[in-house]
1. Kindly indicate the residue of the stretch 287-299 that is part of a strand (DSSP E or B) and under 12 Å from TYR317 (Cβ atoms) and also least open to solvent (accessible area, probe 1.4 Å) among those meeting that condition.
2. Output the number of the condition that ILE73 fails; it satisfies all remaining conditions of (1) part of a loop (DSSP other than H, G, I, E, B); (2) over 60 Å from the mean Cα position of the chain (by Cα); (3) modelled with pLDDT of 90 or more.
3. I need the full set of residues from the stretch 261-286 which are open to solvent by less than 60 Å² (accessible area, probe 1.4 Å) and either of a type outside the set (Gly, Ala, Ser) or outside any loop (DSSP other than H, G, I, E, B) (or both), in order please.
4. Does any residue of the stretch 89-110 turn out to be part of a loop (DSSP other than H, G, I, E, B), of a type in the set (Asp, Glu) and closer than 15 Å to LEU36 by Cα?
5. What's the number of the condition VAL228 fails, among (1) out of contact with any Leu (no Cβ under 9 Å at 6 or more places or on another chain); (2) crowded, with 17+ Cβ neighbours inside 10 Å; (3) closer than 30 Å to PRO276 by Cβ?
6. Going by what's in this entry, would ASP370 be described as of a type in the set (Asp, Glu), loosely packed, with under 14 Cβ neighbours inside 10 Å and at pLDDT 50 or above?
7. Restricting to the stretch 135-181, what's the tally of residues that are in a loop (DSSP other than H, G, I, E, B) and within 15 Å of HIS214 (Cα to Cα)?
Amino acid sequence: MKQVSNMANTSNGSLATLLILFTISAAINTVQSQNLIADNISVVEGETATISCRVKNNDDSVIQLLNPNRQTIYFRDVRPLKDARFQLVNFSDNELRVSLSNVSLSDEGRYVCQLYSDPPQEAYANITVLVPPGNPIIESREDIVREGNETEITCTSMGSKPAATIRWMKGDKELQGKSKVEATYDRMFTVTSWLRFTVMREDDGVPVVCIVDHPAVKDFQTQKYLEVQYKPEVTIKVGFPQGLIREGENLELTCQAKGKPQPHQVNWVRVDDDVPSHAVITGSDLYIENLNKSYNGTYRCVASNSVGETYADYILYVRDALTTTPKPTTTTTTTISATTSPPDITQDAAPSTEAAAHDSQAGPEAQRLDHAVIGGVVAVVVFAMLCLLIVLGRYFARHKGTYFTHEAKGADDAADADTAIINAEGGHNNSDEKKEYYI
């Protein structure tokens with residue numbers, strides 16, 4: 001009997017165990033066959049949020065939506081909660097979709113989707129309300145910065161949720177700043193960022209941009225243009241002459257100075273000496289006439305403004321003036337062709353041409369020298385012609401005269417022509433009297 005009783009007890013325990021396992025298995029199958037799904041939502045303050053409770057393989061179980069305070073918003077398609085901002089968007093066996101308009105921070109929290117199944121199921125939809133920041137405020141420690149000094153620029157973003165992120169750009173280059181986040185009593189955040197850097201003259205007029213990154217806004221930024229003061233930049237420009245400088249020429253230099261603010265004073269000085277007394281300084285121009293080697297040296301242009309002064313130097317080196325020595329001209333007084341030979345003129349002109357090609361600095365001096373050589377040759381030719389004319393005149397004057405003879409002596413006393421001829425021809429006896437005299 002005792003053994004039969006033990007067997008009965010063992011059988012009852014096994015049946016109870018099987019029944020429990022079957023019940024658990026059925027419940028698990030029911031839960032797996034009816035999945036309740038809800039999604040988290042992020043919405044900007046003032047906009048509309050949509051809450052969706054979805055069921056897979058619903059067996060006609062009831063769906064309802066509860067607020068964070070566990071108050072029923074919708075039971076099936078009925079709204080027990082008296083808040084007109086909640087509106088039914090869709091109701092079916094598989095979905096309950098509700099919209100919430102004009103969302104505020106007080107609406108933030110966890111909403112519950114409930115399915116009256118066996119056992120009941122719940123799914124949660126967290127609503128996060130985003131509050132965009134106000135307009136960022138950018139400020140600088142000083143409005144005008146001098147070159148080489150450090151400046152500090154501050155950008156502040158207030159009243160955002162969550163906290164914003166601030167980035168910096170200078171021109172097309174990103175810079176790193178330091179930020180500080182402060183939480184306010186109304187769950188808002190204020191972010192302040194500082195940017196420090198050394199200013200160069202190239203930064204003048206460059207925008208510094210404060211960029212605010214936040215999930216509720218895009219491309220939210222403000223900027224400030226840098227105003228930089230810097231010393232003058234000085235350059236010296238040569239007006240004339242171009243190239244090598246020689247004695248007797250003129251020199252003109254112009255000092256060009258640019259700065260911020262503009263230079264208020266520009267001076268010319270000569271390093272380690274005085275500027276020539278006859279030099280003319282007009283504003284930023286320096287003019288020196290009739291250069292010579294005593295003017296060699298360094299000439300300095302000094303420009304200054306409220307930031308400081310800078311200078312530029314010009315080294316003057318004067319060379320010897322160009323000279324052209326003509327070849328000697330050979331002349332004779334016997335023939336004109338020997339004194340006016342074209343090859344001699346060509347030979348005289350050749351050095352002048354070579355000198356002009358050797359150095360373009362000769363200019364008017366070389367031309368005057370060529371004219372003097374040609375004038376000298378012409379004067380020699382004229383002088384030779386005059387001498388030749390004088391010699392020829394004396395020669396012809398000495399060879400001009402009259403011949404006196406006694407061949408016709410007695411003809412003047414003859415009575416007629418025949419007698420005169422006879423007397424003239426027959427007078428050979430008087431040969432001693434027929435001598436000719438050359439004067």
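The values are calculated or read from the model by the stated rules, or taken from the named source; none is laboratory data. This one's a predicted model, so the numbers in the text were calculated from it and none came from an experiment. So basically every Cβ, Gly included, is an ideal-geometry build from the backbone, and we count neighbours across all protein chains shown. Heavy atoms of the whole protein, side chains included, go into the accessibility calculation; ligands, DNA and RNA do not. Shrake-Rupley method; radii C 1.70, N 1.55, O 1.52, S 1.80 Å.
1. Among them, the one singled out is TYR299.
2. Every condition holds for ILE73 apart from (1).
3. Hits for the stretch 261-286 are PRO261, PRO263, VAL266, TRP268, ARG270, VAL271, VAL275, PRO276, ASP285, LEU286.
4. Within the stretch 89-110, one or more residues are part of a loop (DSSP other than H, G, I, E, B), of a type in the set (Asp, Glu) and closer than 15 Å to LEU36 by Cα.
5. Answer for VAL228: the failing condition is (3).
6. no
7. Within the stretch 135-181, residues that are in a loop (DSSP other than H, G, I, E, B) and within 15 Å of HIS214 (Cα to Cα) number 5.
Each row is one residue, and each column tells you yes or no for (1) farther than 16 Å from GLU47 by Cβ; (2) surrounded by fewer than 18 Cβ atoms within 10 Å (Cβ to Cβ); (3) touching a Lys or Arg at 6+ places or on another chain (Cβ under 7 Å).
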| residue | (1), (2), (3) |
| --- | --- |
| ARG97 | yes, yes, no |
| LEU100 | no, no, yes |
| SER104 | no, yes, no |
| TYR111 | yes, no, no |
| LEU115 | yes, no, no |
| GLN121 | yes, no, no |
